[in-house]
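The values are calculated or read from the model by the stated rules, or taken from the named source; none is laboratory data. Note that the coordinates shown come from a computational prediction; the quantities given were computed from them, not determined experimentally. Quick reminder, even Gly has a Cβ in these numbers, built from the backbone with ideal geometry, and neighbours come from all protein chains shown. Remember, those area values only see protein heavy atoms, side chains included, never the ligands or the DNA or RNA. Shrake-Rupley method; radii C 1.70, N 1.55, O 1.52, S 1.80 Å.
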Amino acid sequence: MLKYLCTTILCIFHVLPVINHAKGEEGTDQEMAQYRERIKSMFYHAYNSYLDNAFPYDELRPLTCDGQDTWGSFSLTLIDALDTLLILGNHTEFQRVASLLQDTVDFDIDVNASVFETNIRVVGGLLSAHLLSKRAGMELEVGWPCSGPLLRMAEEAARKLLPAFQTPTGMPYGTVNLLMGVNPTETPVTCTAGVGTFILEFATLSRLTGDPVFEDVARKALRSLWKTRSDIGLVGNHIDVISSKWVAQDAGIGAGVDSYFEYLVKGAIMLQDEELLSMFSEYDKSIKNYTKFDDWYLWVQMHKGTVSMPVFQSLEAFWPGLQSLLGDLENAMRTFHNYYTVWRQFGGLPEFYSIPQGYTVDKREGYPLRPELIESAMYLYRATGDPTVLQLGRDAVESIEKITRVHCGFASVKDMRDHKLDNRMESFFLAETVKYLYLLFDPDNFLHNSGSQFHTGNGPQGDCVLGAGGYIFNTEAHPLDPAALHCCSRAQGERWELQDILLSFSEPVGPSAAQTGEEGDPADVSSESIALKPGARRKSRALSCPMQPFSSRLAVLGQIFTDST
């Protein structure tokens, strides 16, 4: 079952010498430093433009130098950019913004918010910032990383999303009102990615806080979605979360589906979970059998496998990076080169590209500063040292600067044919595009740590190893440290065991009249227990079993492997 991870281990040992060679020959230290400075300049031009013209709105409108709310009125760009500040080395601004967000962001608002976007951008961004707080020099409260103000904010935001999962299938609605829950008229139709893109953030929350509800609902949604796959092993694009019926039956790896597959792989790595990896492995076989043609991935009818859309979508460009995590470098590089030819043709990736015609698709000619091809370049350059991959990074810097830079930030491209601009700069430009560009040219960044450096947590388990590498990026490029999950879940397990012991001392040996209701059912006596707070109910505990403490045996390419792998 773990053959892909084993393949990756072998692959990494073979390519590490190549990486070191490529660093010296193809990207000199001086050139890499120059590009890092250019990318920093890009970031601060966009970031300062947002602060000066758009804060506290969600996004900057760069052509009119003002702001707009888009995904829920969270000051979204500020949340999305927070961990990028630290990655660029700006500890002072990270500290200032982290404190500012605690004082200004309110989730008790009458706003309909996207469940998917709120999770990956807000919950993911706050979790990442929380786990990076020590590195940023923040004052930590007792119990960190298992407690802290940013963690509590992430938990509050995630709880606002939980009503969306209250469906017969466990698959969530697409939007939820943050104050009142799911609107009675809410459509039950949502995209596949909107169902299957929660396990990273929600499992992290559960294991940091000790509340299993988040991971439970994410897993239930994944398992329900898994049951809906077609006889040939494919899933469609949009599904009815009440009836489990497929509404849009186009199967592919792009828009509406992409991050579902991404989270199966990254969830398997972060949680060391064979079930998730097995799901992806089965999907991967069907994807290769029915959608892959000459190292392109087309859209097909999910039940028949017949081609429905012979197009490449820019969101599919994450796929080579995902393949590299599994050690499938040969296929990854071939597909990456296909996508790179499209970039070179237009100076960016149009949203849709007709493969037979070799040109853009009508009404899908834009480029909203997406990061996916740059993301794949970062992973592949780490894995191979191939100079072509680094060249994409150079091209991206030149294209974005030349085509999209305006007085107030960077503007999305409305049409890649004539490079007309649109009045929007999405928050993922600072969260993902700039971040992946910078990491591509910064081989010594702490996120690339191979396990040689680390620090310890000062939470319940003071000997926890943290920050030793193996970070997992969520689909909004917010890095999560798997070590913290092991640290806090182990401590939480010990607290559960202690609670059980105290409960056993405080509970009578046998039932009595005072402990049973009129029908003979046990009454709730938990409020009188010395182990629980007044009014609290005893929670069922997960099965106890020995857990190996996390240690960084191998941490490369955003992966971790324990001794048992």
Exercise. Quick one: which residue in GLN68, GLN34 is at pLDDT 95 or above, polar (S, T, N, Q) and out of contact with any Leu (no Cβ under 9 Å at 6 or more places or on another chain)?
Key: GLN34
Practice problem: Report, ordered by the first and then the second residue, all pairs with beta carbons closer than 6 Å, sequence separation of six or more or different chains, a first member in segment 252-280 that is more than 20 Å from ALA317 (Cβ to Cβ), and a second member that is among the aromatic types (Phe, Trp, Tyr). | Solution: MET279/TRP226
Practice problem: Give the number of residues within segment 322-343 that are crowded, with 20+ Cβ neighbours inside 10 Å and not in a helix (DSSP H, G or I). | Solution: 2
Quiz prompt | Some residue of segment 61-75 being basic (Lys, Arg), within 24 Å of PHE202 (Cα to Cα) and either crowded, with 23+ Cβ neighbours inside 10 Å or in contact (Cβ under 8 Å) with a residue 40 or more places away in the chain (or both) | solution = no
Quiz item: Got a number for residues in segment 365-421 being in a strand (DSSP E or B) and open to solvent by less than 10 Å² (accessible area, probe 1.4 Å)?
Solution: 4
Exercise. Return a yes/no flag: does segment 434-452 have any residue that is within 24 Å of the chain's Cα centre (by Cα), over 19 Å from HIS45 (Cα atoms) and free of Cβ contacts under 8 Å to residues at least 40 places away in the same chain.
Key: yes
Self-check item: Long-range neighbours under 6 Å by Cβ, at least six apart or interchain, first residue of a type in the set (Ser, Thr, Tyr) within segment 354-380, second open to solvent by 10 Å² or more (accessible area, probe 1.4 Å) and at pLDDT 95 or above
Solution: SER354/VAL311; SER354/VAL361
Self-check item: Residue identified as open to solvent by less than 10 Å² (accessible area, probe 1.4 Å), at negative phi and of a type in the set (A, V, I, L, M) among VAL247, VAL257
Solution: VAL257
Self-check item: Residue list for segment 393-403, restricted to those being in contact (Cβ under 8 Å) with a residue 40 or more places away in the chain and either among the charged types (D, E, K, R) or more than 23 Å from GLU31 (Cβ to Cβ) (or both)
Solution: ARG394, ASP395, GLU401, LYS402
Quiz item: Only one residue in LEU60, LEU88, LEU82, LEU76 is farther than 24 Å from HIS130 by Cα, within 25 Å of the chain's Cα centre (by Cα) and modelled with pLDDT of 95 or more, so which one is that?
Solution: LEU60
Quiz item: Going by the structure shown, is LEU390 of a type in the set (A, V, I, L, M), touching a Gly at 6+ places or on another chain (Cβ under 9 Å), in contact (Cβ under 8 Å) with a residue 12 or more places away in the chain and closer than 20 Å to GLN34 by Cα?
Solution: yes
